[in-house]
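Q: Okay, handing you the structure first.
The values are calculated or read from the model by the stated rules, or taken from the named source; none is laboratory data. Here the structure is a predicted model, which is why all the values come from computation and not from measurement. Positions of Cβ are generated from backbone atoms using ideal geometry, with glycine treated the same way; all protein chains shown enter the neighbour counts. SASA here: full protein model, heavy atoms, side chains in, ligands and nucleic acids out. Shrake-Rupley method; radii C 1.70, N 1.55, O 1.52, S 1.80 Å.
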Amino acid sequence: PIDTIKNTVDEYVVAFLNGISGAGVGGSIFWGITDKERRVCGVKLGYKEKDELFQLIAQKLGKIQPEIRPDGYWVEAHPVFENHGCGTPILDVYVIQVYVFAPEHNLEPYYTESGDCFVKTVSGKKKLYGQAFTHWFIENFTKNHLVNE
């Protein structure tokens, strides 16, 4: 799970940013919850690993273009509890949450450091290429910009 977070956090944040531009609402990405059953399993992180992960997330999100403000997101490690939340916290096990605030006035899509564009889907994210990107851009940015002027 730690490697998954490190390798995909910017892709998910870009997808959220592209999906919520102009919508006025934000959204959360969670790691440590199973996709199918929605069961909390958590991510095992010692203090040092948690600190390094938070720093890495900040570095990766700092390279998104156009630049997002440092207060445009927050990251939290929620403790996981025994007995379905009724017991004591499980040592060094967390659900990692990245909350993304909606950008105020963005008229262009967001990209990862490597120049990839992602959009949010019902089940996660999708990378857009070529003509699919062109159609998505026209539908989501050009029309909204013309309507709002």
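Q: Give the residue that is surrounded by the most Cβ atoms within 10 Å (Cβ to Cβ), with candidates limited to residues of region 45-62 that are over 15 Å from Val9 (Cα atoms) and of a type in the set (D, E, K, R). Walk me through it before giving the result.
A: Quick first cut of region 45-62, residues over 15 Å from Val9 (Cα atoms) only: 45-49, 51.
Now drop any that are not of a type in the set (D, E, K, R), which leaves 48-49, 51.
Values: Lys48: 8, Glu49: 13, Asp51: 11.
So, considering only residues that are over 15 Å from Val9 (Cα atoms) and of a type in the set (D, E, K, R), the one surrounded by the most Cβ atoms within 10 Å (Cβ to Cβ) is Glu49.
Q: When the residues of region 116-133 are narrowed to those that are open to solvent by 70 Å² or more (accessible area, probe 1.4 Å) and out of contact with any helix residue (DSSP H, G or I) (no Cβ under 9 Å at 6 or more places or on another chain), which ends up modelled with the lowest pLDDT?
A: Looking only at region 116-133, we keep the residues that are open to solvent by 70 Å² or more (accessible area, probe 1.4 Å), and these are 120, 122-123, 126, 129, 131.
Then keep just the ones that are out of contact with any helix residue (DSSP H, G or I) (no Cβ under 9 Å at 6 or more places or on another chain); that gives 122-123, 129, 131.
Working: Val122: 79, Ser123: 76, Tyr129: 79, Gln131: 81.
If we take residues in region 116-133 being open to solvent by 70 Å² or more (accessible area, probe 1.4 Å) and out of contact with any helix residue (DSSP H, G or I) (no Cβ under 9 Å at 6 or more places or on another chain), then Ser123 is modelled with the lowest pLDDT.
Q: Which condition does Gln65 not pass, out of (1) of a type outside the set (A, V, I, L, M); (2) more than 23 Å from Ser114 (Cα to Cα); (3) open to solvent by 80 Å² or more (accessible area, probe 1.4 Å); (4) in contact (Cβ under 8 Å) with a residue 40 or more places away in the chain, if it passes all the others?
A: If we test Gln65 against (1) of a type outside the set (A, V, I, L, M); (2) more than 23 Å from Ser114 (Cα to Cα); (3) open to solvent by 80 Å² or more (accessible area, probe 1.4 Å); (4) in contact (Cβ under 8 Å) with a residue 40 or more places away in the chain, just (2) comes out false.
Q: From the residues in region 11-39 that are open to solvent by 50 Å² or more (accessible area, probe 1.4 Å) and at pLDDT 90 or above, which one is farthest from Pro109 (Cα to Cα)?
A: Here the answer is Ile33.
Q: Right, another one. Looking at Glu104, Glu37, Glu108, Glu49, which one is in a loop (DSSP other than H, G, I, E, B) and in contact with a helix residue (DSSP H, G or I) (Cβ under 8 Å, 6 or more places away or on another chain)?
A: Values: Glu104 fails: in contact with a helix residue (DSSP H, G or I) (Cβ under 8 Å, 6 or more places away or on another chain); Glu37 fails: in contact with a helix residue (DSSP H, G or I) (Cβ under 8 Å, 6 or more places away or on another chain); Glu49 fails: in a loop (DSSP other than H, G, I, E, B).
Among Glu104, Glu37, Glu108, Glu49, only Glu108 is in a loop (DSSP other than H, G, I, E, B) and in contact with a helix residue (DSSP H, G or I) (Cβ under 8 Å, 6 or more places away or on another chain).
Q: Look through Glu149, Glu108, Glu104, Glu76 and report the one residue that is closer than 30 Å to Val40 by Cβ and either modelled with pLDDT of 75 or more or open to solvent by 40 Å² or more (accessible area, probe 1.4 Å) (or both). Steps first, answer last, please.
A: Details: Glu149 fails: closer than 30 Å to Val40 by Cβ; Glu108 fails: closer than 30 Å to Val40 by Cβ; Glu104 fails: closer than 30 Å to Val40 by Cβ.
Result of the check over Glu149, Glu108, Glu104, Glu76: Glu76.
Q: Follow-up question, since we're still on this one. Looking at this structure, is Gly42 touching a residue at least 24 places away in the same chain (Cβ under 8 Å), under 19 Å from Val14 (Cα atoms) and surrounded by 14 or more Cβ atoms within 10 Å (Cβ to Cβ)? Even if it seems obvious, please write down each step before you answer.
A: Numbers: touching a residue at least 24 places away in the same chain (Cβ under 8 Å): yes; under 19 Å from Val14 (Cα atoms): no; surrounded by 14 or more Cβ atoms within 10 Å (Cβ to Cβ): yes.
Criteria not met by Gly42.
Q: Run down Ala58, Ala15 and say which single residue is hydrophobic (A, V, I, L, M, F, W, C), more than 14 Å from Lys120 (Cα to Cα) and not in a loop (DSSP other than H, G, I, E, B). So that I can check it myself, show each step before the final result.
A: Details: Ala15 fails: more than 14 Å from Lys120 (Cα to Cα).
Among Ala58, Ala15, only Ala58 is hydrophobic (A, V, I, L, M, F, W, C), more than 14 Å from Lys120 (Cα to Cα) and not in a loop (DSSP other than H, G, I, E, B).
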